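The structure under discussion appears below in the form of structure tokens.
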């Protein structure tokens, strides 16, 4: 049975999609069966997996509103060697349509019910807001992976996200937990980042992943080639960090 994780942060531009795509590719490299679900209308995880969002005939939008099954919507990322349920701008309209549907926060759970046995990991790339789309991800997930920069504003956003996760846990999904915090875009030369990193370790303890993803140009270049960073340049420091993170995730789920 698949372990299902949301990659979420209510703050934008913190590396959620980069983390989701590279974790998926890193897990696939380690021999895991992986499904990536793009729940962001921007479709960046779709493009970063080498799938053109402009040519889609079926997407996660059709899955959520009942117009397609998982088998009809999913595609194979040849670049990353994992499956993808892609997204494009159609998904922006799903917010409004979902409001009037039954079990609106469980549409993704219902759609995936027959397919969780086909994968070891299901990763969900969430939009940077606590919307109905994010809620659908949180309601099916076993846990949340939080990528964050070691900056002051990121700490403020983290407290809001933790409160949101607690509310979903209390009211909609008793299985939901914070799996861990991943420090991304880290620059050890910046004293503030070192201080915030130390605060995170002090407050969250072993919830903070040992892997630290540095600020890395090669990771930023990879999406323009339609490739995960760990495939685009495996030797880059950022790619090596995500491969280490994937191995850490495999070890961590053994203790969940």
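Pairwise Cα distances in region 63-162 exceed 24 Å for 30 percent of all pairs.
Starting from the Cα-Cα distance between residue 247 and residue 114, subtract it from 0.36 nm times their residue separation and give me the gain in nm to one decimal.
Additional length available on full extension: 45.2 nm.
Cα centroid separation, region 10-88 to region 125-164: 18 Å. Extension gain, residue 190 to residue 97: 0.36 nm times the residue separation minus the Cα-Cα distance gives 29.0 nm. Potential lengthening of the chain between residue 33 and residue 210 amounts to 61.4 nm, from the contour at 0.36 nm per residue minus the alpha-carbon distance. For region 3-253, the share of DSSP beta bridges that are antiparallel, to the nearest 5, is 10%. Once the Cβ-Cβ distance of residue 202 and residue 1 is raised to the sixth power relative to R0 = 45 Å, the FRET efficiency obtained is 0.85.
Projecting label points 7 angstrom from Cα along Cα→Cβ for residue 224 and residue 255 puts them 4.0 nm apart. Taking the centroid of alpha carbons for each part, region 91-117 and region 222-256 are 29 Å apart. Each residue, residue 55 and residue 170, gets one label point 7 Å from its Cα in the Cβ direction; the gap between the two is 4.9 nm. As a calculated quantity, the FRET efficiency between residue 72 and residue 156 at R0 = 45 Å, using C-beta atoms, amounts to about 0.60.
A short reminder: the numbers here are calculations on the coordinates, not readings from a lab. Since we're looking at a predicted model, the values are computed, not measured. As a convention, Cβ positions derive from the backbone with ideal geometry for all residues, glycine included, and neighbour counts pool all protein chains shown.
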